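First up is the structure itself, then whatever we jot down about it.
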Amino acid sequence: MSDGPQSMAPVYRTVQEIPPGFGPCVAAIGNFDGVHLGHRDVLNAVVAEARALGVRAVAITFDPHPEQFLRPCKAPKLLTLMDERLRRMAETGIDGALVLPFDEALAKMPAREFVHRILADGLHVRGLHEGGNFRFGHRAQSGVSELHAFGEEFGFALHVHAPVRVHGLEVSSSAIRELVAAGDMRRARWMLGRPFAVLSTQARGRGIGTRLLVPTVNLAAYEGLLPGFGVYVTRLKVGERSFQAVTNVGNRPTFGEASFAVESHILDFEPVEMDEQTPLELEFLLRLRGELEWPSPEALKAQIFKDVARAQRYFRLAK
């Protein structure tokens, strides 16, 4: 058993790690990428039912994401990497998370065997909450109708949740990924219930000592999804400190050979303790413009002043 960073809920990596007497419980199964408002609706219901029954609330998820195992060339970049996903799920009040390794054995496991081994024998599930489009088992051949039948056989109630909608838009991880990739941070925020954020560290090789003495920070290489190329109003959290910033995501094409970077210029800068291991959280608040190639350094400098002025106005109005 291991605890996810900043998580108050225990994390079990196999069914065998679940301690004796942990169940019975109420559970939800899913990838929970983004832990968006739809996921929170399901997990909040899991917690509420578990409290009412006096049992534990559990989220069951997979690592890696099934698409990354089954179709690695086509798998999407994820909104939240596993540690962040566990932390966000813990915020809903669940009592534990079961992170099953998604491998060939699990991919080929028949649906009934999954229910028998994981839900019934492993967790002693009494209630299960899922979205209407939930699929599971070998080749995703089973859905909520099969789960209803399994519930009757193994003694748990199934609760099927309707999709959550915000401003007329149906919330889903795939929809949020599309919005983030397009730089639409406003609609992504609607669906997530919070700003889209990237958790990383400072890029190596920048000569950074134990203090950050310049107002520019480059993020280290990041495996998850990043917003589309462009310039954004952002908020950069360095440990416990929070700064207003303007961030460029892209290849910096104006000068010399293009090189990809996520580079943030802090607007309200003060020197801060920081090294290459210091956790950074970069929240993307608003896209100012796409990435452009400028005819001269002077033209770029003039545009940067305009970007900074717009970002400062954004933060003034946000107050």
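Quick notes on this structure:
- Number of residues in the range 19-42 that are outside any loop (DSSP other than H, G, I, E, B) and over 15 Å from the mean Cα position of the chain (by Cα) equals 7.
- Inspection of the range 69-76 identifies no residue that is closer than 25 Å to Gly151 by Cα and more than 20 Å from the chain's Cα centre (by Cα).
- Selection status of Ala52, within 16 Å of Ile94 (Cβ to Cβ) and assigned to a helix (DSSP H, G or I): yes
- First in the range 62-77 and assigned by TED's automatic domain parsing to the domain that holds Gly96, second anywhere and of a type in the set (A, V, I, L, M, F, W, C) and part of a loop (DSSP other than H, G, I, E, B), Cβ under 6 Å, 6 or more apart: Phe62/Phe102; Pro64/Phe102; Pro66/Phe102; Glu67/Ala75; Gln68/Ala75; Phe69/Phe102; Lys77/Leu225
- Residue selected from the range 273-319 under the condition under 27 Å from the mean Cα position of the chain (by Cα) and of a type in the set (A, V, I, L, M), by the criterion surrounded by the most Cβ atoms within 10 Å (Cβ to Cβ): Leu282
- Restricting attention to the range 60-101, the residues being modelled with pLDDT of 95 or more and of a type in the set (Phe, Trp, Tyr) number 1.
- Restricted to the range 195-216, and to residues there that are modelled with pLDDT under 90 and hydrophobic (A, V, I, L, M, F, W, C), the residue that is surrounded by the most Cβ atoms within 10 Å (Cβ to Cβ) is Leu212.
- Residue list for the range 212-234, filter: more than 18 Å from Leu179 (Cα to Cα) and either over 17 Å from the mean Cα position of the chain (by Cα) or not assigned by TED's automatic domain parsing to the domain that holds Lys306 (or both): Leu212, Leu213, Val214, Pro215, Thr216, Val217, Asn218, Leu219, Ala220
- Some residue of the range 116-127 being within 26 Å of the chain's Cα centre (by Cα), in the same structural domain as Val47 (by TED's automatic domain parsing) and among the small types (Gly, Ala, Ser): yes
The values are calculated or read from the model by the stated rules, or taken from the named source; none is laboratory data. Quick caveat, the model's predicted, so the values are computed rather than measured. Neighbour counts are summed over all protein chains in view; Cβ atoms, including those assigned to glycine, are modelled from backbone coordinates with ideal geometry.
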